[in-house]
1. What is the dipole size for the stretch 9-108, taken about its Cα centre, with +1 at each Lys and Arg Cβ and -1 at each Asp and Glu Cβ, in debye to the nearest 20?
2. Report the calculated FRET efficiency for D109 and L185 (r = Cβ-Cβ distance, R0 = 22 Å), to the nearest 0.05.
3. How many Å² of accessible area per residue for the stretch 9-108, probe 1.4 Å?
4. Given points 7 Å out from each Cα along the Cα-Cβ axis, report the N219 to T161 separation in nanometres with one decimal.
5. Ignoring ligands, DNA and RNA, what accessible area per residue does the stretch 180-244 give at 1.4 Å, in Å²?
6. Taking all protein chains as present, what is the carbon and sulfur share of the accessible area of the stretch 189-249, in % to the nearest whole number, probe 1.4 Å?
7. If I model a spin label as a point 7 Å beyond the Cα along the Cα-Cβ vector, how far apart are those points for Q20 and E62 in nm?
8. When the Kirkwood radius is taken over all Cα pairs of the stretch 9-108, what Stokes-Einstein diffusion coefficient follows at 25 °C and 0.890 mPa s, in µm²/s?
Amino acid sequence: MEMDLSGTKLAYFDDMWNLQSKALFISYFQGEDNRRALILDSTIFHPQGGGQPSDTGFISIEESDFKFVVEDVRLKDGVVFHYGYFVGSSGGECDTKLEKGREVCLYVDEQRRVLNSRLHSAGHLLDTCMQNVGLGYLEPGKGYHFPDGPFVEYKGTVPQTELQSKQKELELEANSLISKGGKVLVAILPYDEASELCGGRLPDYISKSSTPRVVKLGNNPGCPCGGTHVADISEIRSLKTLINKRSSN
């Protein structure tokens, strides 16, 4: 089937906690690696990227045994690819039930989404706590976090000796913020408003003519982000810090 390269609406931008929705089928794609992918006009599935793993789940058609299990989701050039496999009567191929414009139902795995949102939010909280305990602001590209399983790995340029001296303080600061809680704001804003919400600065790679999507955890400075997050800081639950002794930083 010919691939349609029109952009995919990222519906999770509008509602990060909507785990069931409907969309229109656009095309079916099979890459050189033989991975199969469905392309829709919109999606609630979060693709891999920005320090967050992709959602998983399945896509089906009402009153039909058609089912496509989503194992991985990727965003490329504005198009979201839902990679996976067909089950049921669909067998190993895309059947005639998937004509262009056909309505399909999307179901995101709730347990995975909740875990990824907690971990991703914990990474942002670590950014804030690093600054609060005097370890400084990490410039874009010099430090990052990414979840992989039930933890957040944070890499940066702070010397290990400084981290060790501040480790307990960092952990106490993080858990203090978690215990107090605070609503998490996520919004797409004009550049100047986004910059103000992020402490008066945005990374240089963000165009001043753009409308960045910003996440702000409670009263802490915000930052640009395209991921999914908890509704309240307290949902992170707790945070324990470990320093990788094998790292030079």
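The values are calculated or read from the model by the stated rules, or taken from the named source; none is laboratory data. Remember, predicted model here, so these are calculated numbers, not experimental data. When we count neighbours, we look across all protein chains shown, and the Cβ atoms used for this are built from the backbone with ideal geometry, even at glycine. In case anyone asks, the SASA skips ligands and DNA or RNA and just uses the protein heavy atoms, side chains included. Shrake-Rupley method; radii C 1.70, N 1.55, O 1.52, S 1.80 Å.
1. Result for the stretch 9-108 is approximately 120 debye, rounded to the nearest 20.
2. 0.30
3. Ligands and nucleic acids excluded, the figure is 47 Å² per residue.
4. 3.6 nm
5. Value returned for the stretch 180-244: 56 Å² of accessible area per residue.
6. 46 percent
7. Result: 1.2 nm between the two label points.
8. 182 µm²/s
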